[in-house]
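Please read the structure below before turning to the comments.
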Amino acid sequence: MKHLKKITIGSIFMFIVLGFIVFIMLYPFVYMIAVSLSDSISILQNKVTFYPKGFNLTSYKIVFRDPRIFTAYKNTIIYVAVGTLISLAFTGLAAYALSKKDRLIGAKFFNILILVTMFFSGGMIPKYLVVKDLGILNTTWAVILPSAISAWNLIIMRSFFDEFPKDIEDSGRIDGLNDYGVLWYLVLPTSGAVLSTIGLFYAVSIWNSFMEPFLYLQDKARFPLQVILRDIVLLGSNFDNQAASAVGDSVVIEDSLKFATIIVSVVPIIAVYPYIQKYFVKGVMIGSIKG
């Protein structure tokens with residue numbers, strides 16, 4: 001028979017504190033969903049708290065009838081898919097090379113150089129000039145390449161490769177594999193945890209990216225979802241009159257429209273997390289246990 005753990009005052013206090021933290025993190029999201037699904041009268045009277053009142057889908061109808069949303073979704077998905085693959089490829093190659101401290105000439109210098117970039121950067125204007133001189137301004141590559149490698153993600157992946165058994169690598173070289181073969185056939189197939197974790201970090205970063213598309217893109221047809229979201233939330237809901245009139249005589253509150261747009265933009269990336277959660281939990285523990 002299993003023994004139940006003794007409930008102490010400390011455990012009750014910890015439960016209350018953690019419950020409060022969960023509440024303050026989830027409530028804004030719950031409130032936005034409730035407002036976006038409520039009718040205009042309930043919103044104006046401040047009656048909406050935890051659940052919708054006067055169930056109403058008018059805001060979502062307006063959002064999905066705006067052609068900019070679907071174009072932005074398509075652009076964002078392209079940026080996330082291509083950008084994540086490129087970032088993982090570049091980060092993986094660099095991390096594997098940096099993990100070979102005994103074979104890479106100047107390994108210590110390169111590791112220190114990468115650490116410096118975590119605290120200092122060239123700045124916005126030099127970065128813009130580099131993008132312009134490379135000729136990728138107002139292209140898909142302007143969103144993907146400038147942030148293709150994150151120093152923090154590179155260090156995490158390098159730490160993972162540091163712990164990979166050298167005996168396995170040596171056995172691969174005995175069988176005739178070079179460094180690329182060892183990485184492709186031996187290291188990467190056993191690196192699902194770190195690849196999924198770093199891939200999630202890159203995907204979320206690109207999905208939420210706003211500044212780089214805002215600075216480097218002029219063609220509105222290339223704008224990702226976050227730039228369109230900014231137009232709606234900060235510039236006063238720039239939906240045309242035809243879209244508004246298409247939902248009938250219902251009055252659409254600006255907050256309801258903003259919250260509906262935010263929900264539409266964050267739900268897809270949240271839906272991806274449960275499928276890679278088991279890898280994410282393993283990945284965040286990388287480097288925490290030695291031996």
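Only one entry in Phe164, Phe109, Phe119, Phe201 is more than 30 Å from Ala221 (Cβ to Cβ), of a type in the set (Phe, Trp, Tyr) and not in a loop (DSSP other than H, G, I, E, B), namely Phe109.
For Val143, the stated conditions hold: it is within 30 Å of Asp219 (Cα to Cα) and part of a helix (DSSP H, G or I). Of the listed requirements (1) part of a helix (DSSP H, G or I); (2) not assigned by TED's automatic domain parsing to the domain that holds Leu225, Gly92 misses just one: (2). Taken as a whole, the structure places Phe223 among residues that are in the same structural domain as Gly135 (by TED's automatic domain parsing), touching a Leu at 6+ places or on another chain (Cβ under 8 Å), surrounded by 11 or more Cβ atoms within 10 Å (Cβ to Cβ) and at pLDDT 80 or above. Taking residues in the range 7-36 that are touching a residue at least 60 places away in the same chain (Cβ under 8 Å), and partners anywhere that are not in a helix (DSSP H, G or I), the pairs with Cβ atoms closer than 6 Å and at least 6 places apart or on different chains are Val35/Val48. The number of residues in the range 177-194 that are of a type in the set (Gly, Ala, Ser) and at pLDDT 85 or above comes to 1.
You will find that of Asp170, Asp162, Asp175, the residue that is acidic (Asp, Glu) and touching a Ser or Thr at 6+ places or on another chain (Cβ under 6 Å) is Asp162 and no other. Exactly one residue out of Ile16, Ile77 is part of a helix (DSSP H, G or I) and not assigned by TED's automatic domain parsing to the domain that holds Phe109: that is Ile16. Based on what the data block shows, is Val82 in the same structural domain as Phe160 (by TED's automatic domain parsing) and closer than 14 Å to Leu145 by Cβ? For Val82, the condition - in the same structural domain as Phe160 (by TED's automatic domain parsing) and closer than 14 Å to Leu145 by Cβ - is met.
From the list Ile156, Ile149, the lone residue that is outside any helix (DSSP H, G or I), closer than 20 Å to Leu88 by Cβ and modelled with pLDDT of 85 or more is Ile149. When the criteria are applied in full, Phe50 meets the requirement of being in contact with a helix residue (DSSP H, G or I) (Cβ under 7 Å, 6 or more places away or on another chain), of a type outside the set (S, T, N, Q) and outside any helix (DSSP H, G or I).
If you check Ser87, Ser42, Ser59 for being among the hydroxyl-bearing types (Ser, Thr, Tyr), over 20 Å from Ile228 (Cα atoms), modelled with pLDDT under 85 and assigned to a helix (DSSP H, G or I), only one passes: Ser42.
Scanning for something crowded, with 20+ Cβ neighbours inside 10 Å and under 29 Å from Asp102 (Cβ atoms), does the range 162-181 turn up at least one residue? No, because not a single residue in the range 162-181 is crowded, with 20+ Cβ neighbours inside 10 Å and under 29 Å from Asp102 (Cβ atoms).
Give all pairs with beta carbons closer than 6 Å in which a residue from the range 46-72 that is within 11 Å of Val264 (Cβ to Cβ) and of a type in the set (Gly, Ala, Ser) meets a residue that is modelled with pLDDT of 80 or more and part of a loop (DSSP other than H, G, I, E, B); count only pairs at least 6 apart in sequence or on separate chains. These pairs meet every condition: Ala72/Phe223; Ala72/Pro224.
The values are calculated or read from the model by the stated rules, or taken from the named source; none is laboratory data. Computed from a predicted model, the values in this text were never measured in an experiment. All Cβ positions, glycine included, derive from the backbone under ideal geometry; neighbour counts span all protein chains shown.
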